[in-house]
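Before any comments, here is the structure.
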Amino acid sequence: MVTPSLGVASVAELVAKARAEPRKQNFGSAGSGTLGHLAADSVNRRLGLGATHIPYKGSNPAAMDLIGGQIDWMMDTPAAVLAARARREAARAGGGGAAALSAVARTCRRSPKRAIRRLEFRIWMGLMAPAGTPEPVLRAIEAGIVEGDARPGAARGHHGAGLGDCIGSGAREFAAFLDKELPKLTAAARAAGVKAD
């Protein structure tokens with residue numbers, strides 16, 4: 001998402017503006033170490049934008065400052081984008097002067113810049129149990145999750161909430177996913193200079 005005052009509607013225009021203007025851009029996030037921060041920092045570094053990270057305490061305040069023009073751009077979940085758009089429309093209905101939001105790109109893989117072609121960050125949710133949980137309990141929970149996600153209407157509910165596709169994998173598949181995902185996130189956090197509090 002970009003603030004309209006930046007006057008860009010694509011990744012290529014964002015890059016061109018960042019390189020042409022002496023004023024450094026800034027990008028917001030829901031907080032240091034969040035997925036939006038790591039994704040935006042990766043794009044910022046790969047494209048050489050030189051933008052400054054402004055961490056917020058959640059997506060809502062970051063989106064409101066984006067609407068108000070205090071930050072230039074941000075990356076966040078579809079749910080956060082939808083909520084920001086709803087706030088914008090409410091402000092307009094009440095005669096407020098909230099700024100609009102425009103999408104820079106649907107996915108980084110479709111970007112015209114090859115530098116971010118293989119950059120993929122995705123929101124995922126997983127359920128974990130404490131060590132020592134009895135195996136029958138784990139299998140019962142796993143079966144319930146897989147069954148629930150396979151029900152008619154489950155995918156529609158996820159999409160309606162801006163959550164995207166629902167996979168409902170079992171424990172083995174989830175463990176294999178984490179084996180690939182966690183090293184990528186760890187590397188992105190290190191590159192962004194994120195430190196555990």
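Read the figures in this text as sums done on the coordinates, not as results from a lab. Because the structure is predicted, anything quoted here is derived from the model rather than measured. Here Cβ is always computed from backbone atoms with ideal geometry, including for glycine, and neighbour counts include all displayed protein chains.
Under the convention that each Lys and Arg Cβ holds +1 and each Asp and Glu Cβ holds -1, the size of the dipole of the stretch 1-64 around its Cα centre is about 120 debye. Here the extension length gained between ILE54 and ILE141 equals 27.4 nm, from 0.36 nm per residue of separation less the Cα-Cα distance. With a simple spin-label model that places each label point 7 Å from the Cα along the Cα-to-Cβ direction, the separation between LEU185 and THR133 comes to 1.7 nm. Summing charges over neighbours of GLN25, with a neighbour being any other residue whose Cβ is under 10 Å away from its Cβ, gives +1 when K and R count +1 and D and E count -1. Using 0.36 nm per residue and subtracting the Cα-Cα separation, the extra length available between ALA20 and GLU173 on full extension is 50.5 nm. Full extension of the chain between ALA9 and ARG156 gives 50.0 nm of extra length, using 0.36 nm per residue less the Cα-Cα distance. Between GLU120 and ALA83, the distance separating the two model label sites (each 7 Å from Cα on the Cα→Cβ line) works out to 2.7 nm.
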